[in-house]
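**Student:** A single structure is presented below for examination.
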Amino acid sequence: MGVAERRWREKEQRRNTIMDAAERVFFAKGADNATMDEVAETAELSKGLLYHYFKNKHDLCHAIVHRGLRVLHQFFERAIRTHKRGIEQVRAIGESYIQFSREYPNYFNLMAWFEAERSENGEPESFELACEKEGGQVIELVAQAVQNGIDDGSIRADLNPMVTAVNLWGQTHGLIQVASYKDAQKRYQVAPETLLTAGLDLIDRGLRPE
């Protein structure tokens, strides 16, 4: 291993150490309430060293969101890979998004924070821009599943794949949030699992040709 490669690996290891510490702090206190001082203390590093790797708290938050999006990307890829017809791929993506929200609730919540806070003009090479790119690729996977369904006849041919993909994301994300409310079952007289399944069923019927 050359000197340059070793230095790069050491830098990436230190960056991941900081992100691991930041996850513990942000997930425990929330992105808005956490501080860089707390991250530095948890990582057992100087605050100055944190700023060598991340410009500010938002940059660090975006780095963690990017981690979550990469995990979600893998969930969606697996959903598409394990089903043949487009309509089945779309259903599997919805189910995998629910699974992701349960296995990685902190990533799910931080990704929602990112959507509310993003500036739409991230600097080049920034983690914010990396999140935009990764998020776009995730949505493109959904659009591809819709296109696959149009091509194989299992999804209506009059639908625009990208418009449909964004709608599917919005509907499923909102459904997951409603189902996660602590008093949802009492308020709506329906179990969260029933609510989620019914929502996916409605989406499924809306996509199928008449």
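**Student:** Going Cα to Cα from LYS55, which lysines come in below 26 Å? Please leave out same-chain ones fewer than 8 positions away.
**Tutor:** LYS11, LYS29, LYS47, LYS133
**Student:** Sticking with this structure for a sec: Quick one: Karplus J couplings for the range 127-143, per residue in order, coefficients 6.51, -1.76, 1.60, θ = phi - 60°, nearest Hz, x for Gly and Pro?
**Tutor:** These are the phi-based 3J(HN,Hα) values: 5, 4, 5, 5, 5, 4, 5, 5, x, x, 5, 5, 5, 5, 4, 5, 4 Hz.
**Student:** Okay, next question. Ordered by residue, what ³J(HN,Hα) values in Hz, to whole numbers, does the range 50-58 give under the Karplus form 6.51 cos²θ - 1.76 cosθ + 1.60, where θ = phi - 60° and Gly and Pro are x?
**Tutor:** Each residue of the range 50-58 in turn: 4, 6, 6, 9, 9, 5, 6, 5, 5 Hz.
**Student:** Let me ask another. Using unit Cβ charges (K, R positive; D, E negative) and no other charged atoms, how large, in debye to the nearest 20, is the dipole of the chain about its Cα centre? Display every interim value, and only then the final one.
**Tutor:** Values: 27 positive and 32 negative charges, 84 e Å.
With Lys and Arg at +1 and Asp and Glu at -1, about 400 debye.
**Student:** Where in the range 142-182 is the amide nitrogen less than 16 Å from a point lying 7 Å along the Cα-to-Cβ axis of LYS84?
**Tutor:** Hits in the range 142-182 for LYS84 at 16 Å: 148-155.
**Student:** Helix 161-180 sits at what angle to the longest principal axis of the chain, using alpha carbons and giving 0 to 90 degrees rounded to 10?
**Tutor:** With both axes taken from Cα atoms, the answer is about 80 degrees.
**Student:** For the chain, what is the mean residue ellipticity at 222 nm derived from helices alone (per DSSP H run of n ≥ 4: -39500 (n - 2.57); sum divided by total residues; nearest 500 deg cm²/dmol)?
**Tutor:** Details: 10 runs with 165 residues, N = 210.
Using -39500 (n - 2.57) per qualifying helix, the result is -26000 deg cm²/dmol.
**Student:** Follow-up. So for TRP169, TRP8, what's the accessible-area order with a 1.4 Å probe, most first?
**Tutor:** Descending order: TRP8, TRP169.
**Student:** Normalised by the residues of the range 1-75, what does the relative contact order come to in percent, with Cα pairs under 8 Å and at least six apart?
**Tutor:** Values: 36 pairs, mean separation 21.1, N = 75.
Relative contact order here is 28 percent.
**Student:** Still on this model: Taking the highest mean first, how do the peptides 39-48, 148-157, 59-68 order by number of other beta carbon atoms within 10 angstrom per residue? Present the calculation step by step, with values, prior to reporting the outcome.
**Tutor:** Details: 39-48: 14.9, 148-157: 17.5, 59-68: 22.4.
Final packing ranking: 59-68, 148-157, 39-48.
**Student:** Which entry in (i) 36, 22, 14; (ii) 38, 17, 16; (iii) 28, 18, 16 matches semi-axes √(5λ) of the Cα gyration tensor in Å derived from the coordinates of this structure?
**Tutor:** Recomputing semi-axes √(5λ) of the Cα gyration tensor in Å here picks out (i).
**Student:** Mind checking the per residue accessible area of the range 32-169 for me, 1.4 Å probe, whole number of Å²?
**Tutor:** Per residue, the range 32-169 has 52 Å² of solvent-accessible surface.
**Student:** Also, quick follow-up: Between GLY135, GLY86, GLY170, find the one with the highest GNM mean-square fluctuation for the chain; connect C-alpha pairs within less than 10 Å.
**Tutor:** Judging by the Gaussian network model, the answer is GLY170.
**Student:** I've got another one for you. Quick one: Karplus J couplings for the range 80-92, per residue in order, coefficients 6.51, -1.76, 1.60, θ = phi - 60°, nearest Hz, x for Gly and Pro?
**Tutor:** These are the phi-based 3J(HN,Hα) values: 6, 5, 9, 9, 8, 7, x, 4, 6, 5, 5, 4, 5 Hz.
The values are calculated or read from the model by the stated rules, or taken from the named source; none is laboratory data. The structure displayed is predicted, hence computed values, not measured ones. Cβ: placed from backbone, ideal geometry, glycine included. Neighbour counts: every protein chain shown. Just the protein is used for accessible areas: all its heavy atoms, side chains included, with ligands, DNA and RNA removed. Shrake-Rupley method; radii C 1.70, N 1.55, O 1.52, S 1.80 Å.
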